[in-house]
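Here's the structure we're looking at; comments come further down.
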Amino acid sequence: MDPNSGSLGNTYPDVTLAIIAGGQGRRLSGVPKGLLEVEGRTVLARLLALAPRFGEVLLVANAPEPYARYALRTVADVVPDKGAPGGVHAALSAARTPWVVAVACDMPFISPDVLRVLLDARGDDVDAVCFDAGGRVEPLLAVYRAALARVWRATLSEDPSLRQLLSRFRARLLPESALRAVDPSLRSLVNVNTPQDLTRYAVTLPGD
């Protein structure tokens, strides 16, 4: 079942949906991971099914050409070679809304309910909301205040981990139990990175 199906539910006009494409899937024959297919649709298309809930959609891609058919507003990393923190920074810098929800382009199973848990945990005293699952902070299933962009960039030069970076802000880390309450099997956290993942999650390469 498509996790994005169903009624529109809550809407968030003050939030940008930022899809972080990053590099290409070197372990997957160089295929741009957003173009991997699940149940006949690309992962990017599945994520875009969430778009009506948000004020705008932004694609962060250093190699945007493969995604041109989607006609998305697209930006590249401002500070190159910084991985997920660099992709988040690019989204924060380019957002036209006060908040950004960042998701990875290779996460096929993100559901509206999971995003609702993140977004409902925002507050005037909070700059970022992330899940802490299995002792790991999830940077690309998280919500950030766009105003963090300037300080975030200054911190990137130190190559911090996300946990170190978030320690400089007012971050709310949600426990794994908060995620399991709406996603018992933690499928929202699935990244498709390897040929084994293709089989495990019934993902196909474009044209297969």
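The values are calculated or read from the model by the stated rules, or taken from the named source; none is laboratory data. None of the values given here were measured: they were computed from a predicted structure. Glycine gets a Cβ as well: all are built from the backbone with ideal geometry, and neighbour counts include every protein chain shown. Surface accessibility is based on the protein's heavy atoms, side chains included, excluding ligands, DNA and RNA. Shrake-Rupley method; radii C 1.70, N 1.55, O 1.52, S 1.80 Å.
Details
- Residue list for segment 124-135, restricted to those being surrounded by fewer than 22 Cβ atoms within 10 Å (Cβ to Cβ) and either among the aromatic types (Phe, Trp, Tyr) or touching a residue at least 24 places away in the same chain (Cβ under 8 Å) (or both): Asp125, Val126, Asp127, Asp132, Ala133, Gly134
- For segment 44-79, filtering for residues that are over 11 Å from Ala21 (Cα atoms) and assigned to a helix (DSSP H, G or I) leaves 11.
- The residues of segment 192-208 that are of a type outside the set (Gly, Ala, Ser) and open to solvent by 50 Å² or more (accessible area, probe 1.4 Å), listed by number, are Pro195, Gln196, Thr199, Arg200, Tyr201, Thr204, Pro206, Asp208.
- Residue ID - modelled with the highest pLDDT, chosen from residues in segment 136-168 that are touching a Lys or Arg at 6+ places or on another chain (Cβ under 8 Å) and outside any helix (DSSP H, G or I): Val143
- Scanning segment 177-191 for residues that are surrounded by fewer than 16 Cβ atoms within 10 Å (Cβ to Cβ) and either of a type in the set (Asp, Glu) or assigned to a helix (DSSP H, G or I) (or both) gives Ser177, Arg180, Arg187.
- Within segment 192-208, tally of residues that are of a type outside the set (A, V, I, L, M), in a loop (DSSP other than H, G, I, E, B), within 16 Å of Phe109 (Cβ to Cβ) and over 17 Å from the mean Cα position of the chain (by Cα): 1
- Search result, residues across segment 109-130 that are in contact with a helix residue (DSSP H, G or I) (Cβ under 7 Å, 6 or more places away or on another chain) and β-branched (Val, Ile, Thr): Ile110, Val114, Val117, Val129
- Counting the residues of segment 1-39 that are aliphatic (A, V, I, L, M), assigned to a strand (DSSP E or B) and modelled with pLDDT under 75 gives 0.
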